[in-house]
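Right, one structure below, let's go through it.
The values are calculated or read from the model by the stated rules, or taken from the named source; none is laboratory data. What you see is a predicted model, and the numbers here were worked out from it, not measured in a lab. Cβ: placed from backbone, ideal geometry, glycine included. Neighbour counts: every protein chain shown. SASA here: full protein model, heavy atoms, side chains in, ligands and nucleic acids out. Shrake-Rupley method; radii C 1.70, N 1.55, O 1.52, S 1.80 Å.
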Amino acid sequence: MSQSPEMVIILSDGIRGHLFQSRGIAGWLAKYTGAEIVEFQVPKISGFMKFYLLKLQGRRLPSMNKEELHCWFAKSGGHPLVEECQLHLQKNKVDSRRVLFISAGSGAAAFNVALSKYLGSKSCALMTPSFIGTDPFDFAVVPLHDKPKGEANVLSTLGAPNSIFPEKLCEASKELSSIYPPESHRRWALLIGGDDANYCISSIWMHKNISPIIRAAQEKNIDLYITTSRRTSAEAEQALIEVVGESPQVKMLLLASQDPMNPVPGMMGLCNRVFCTEDSVSMVSEAVTAGHRVILMRVEHRQGIKKVLQTCMKPFYSWGISRFNTLFDALKEKRCLVEYSAHCLDELDGDYQSSVTDFNEARRAALWIIERWKE
C-alpha cells in the first residue's frame, strides 16, 4: 500500500467557504506528497429527496454493496460523477486505493462516502456531517468548538482549516498595493462582517466603533484598508461611508455590495494589524493563519428566544454565539487574539507586527492524514 495519496479529489457542494476549507488541506497534501488535486461538483438535490437520499439513506451507505450503491447513484443523479472520477483515474493511471476524496459540509458528505466505498478509495470529511456523522470516514477534521468525538479517525482543529498560503498572500499584497498604494509602512486592515442569525451590525455600531479607529490612525499616521461583507446591510455600509468621509488615512474602502473583488488575502499580506468583527469566524481563522494576532471586534447580538436558549443550554450544549465564543476563548489562550477596546487602541503601536507563528490547521490536518495513511 502506498505511503501517501497520489490524487486528492475535492467534492464541492458549491458553498465557497466549504470549498476553501477543502482546498486548504488538499493544497498542503499536494505540497508534501506531490498529489494531484481535482475538483468535482456534486449533484444538487432539494426538498424531500435531499433529506431522504443524503441523510436517511446516507446513514446506510457504509453498509451498502456495489449493486446498492449503483442504485443510490442512479437515484441521486451521481452516475455522471462516478464516470468522471473513473475516467480521470484511468486517464492518469492512478490506483483508486491511492485516492483521497475530501468534502466539507453535509451536502457533499454522502457522495464522499458512496464514491470512496464504490471505488475503494479513502475519504475525509471536514466538519461533522449531519445524520451521517464522522464514523464512516477514514479521516474527519472537525473544529474544536463543534465538540467532536475523541475517535482515532477524528482530528480536532482550532477553527476551520483554510486555504491561506504564504506565497499567495505575498502575491495578493503586491496586487492590492498596486491598486491602492500605501503611503505608510504602518497599515491596519478592517474586516467588517454583517447580519446573520446570531449577529447584526447597525449604523450606530459603525459610528461608535469605526470612528475611534480612524482617529487613532490619523494620530499615528497609519494607513487603513477597509472592506465589508456581502452580509453587511445597506444602512451599515452607508454609515461606514459617512464615518470614513474624506479621511486621508483610508487608502481603501471596498464595499462588497459594490465591488466583487476579494481584497482580504491582499489585506492580510499587506497590513501589520488585522481588526475583524466576531461574526466573521472564518475570517478570524484566516487572519490568524496568515500570522496576525487578531483584534476581535464585538458586534450586536440578536435578541429573542434563540438567544435565551443558547444562554440557558450553554453548560450542556453550545451553538451559535456560545459555540463561537469557545473558539475565541481558545485563540485568546494561545495569544492569537485580543479584544478590541478604546484602551486597546491607545496601546497599539502602528509599527508592531502582531505575529503568530506556526498556526496553520490545514497544514496540521494534512500532516495528520499523511501519518495515518501509513498505518
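Quick notes on this one:
- Against the rule of thumb 2.2 N^0.38 Å, how large the Cα Rg of segment 187-253 comes out: 1.07
- Percent of Cα pairs in segment 84-203 per distance bin of 5 Å, from zero to the largest separation: 2, 9, 13, 13, 12, 12, 13, 10, 8, 6, 2, 0.
- Taken over segment 1-107, the percentage of Cα pairs per 10 Å bin, counting from 0 up to the bin with the maximum distance, is 13, 40, 37, 9, 0.
- For the chain, the calculated P(r), taken from all Cα-Cα distances in 20 Å bins from zero up to the bin holding the longest distance, is 27, 52, 20, 1 percent.
- Listed peptides 5-15, 144-154 by packing density, highest first (mean Cβ within 10 Å): 5-15, 144-154
- About the Cα centre, charge dipole magnitude for the chain (Lys/Arg +1, Asp/Glu -1 at Cβ), debye: 1100 debye
- Rounded percent of accessible protein surface that carbon and sulfur make up, segment 20-90, 1.4 Å probe: 55 percent
- Normalised per residue, the accessible area of the chain is 45 Å², obtained with a 1.4 Å probe and no contribution from ligands, DNA or RNA.
- The Cα atoms of segment 45-152 define a convex hull whose projected area, averaged across directions, is 7.0 nm².
- Where both bridge residues fall in the chain, DSSP classifies roughly 5% of the beta bridges as antiparallel.
- Distance from segment 130-150 to segment 1-71 (C-alpha centre basis), Å: 15 Å
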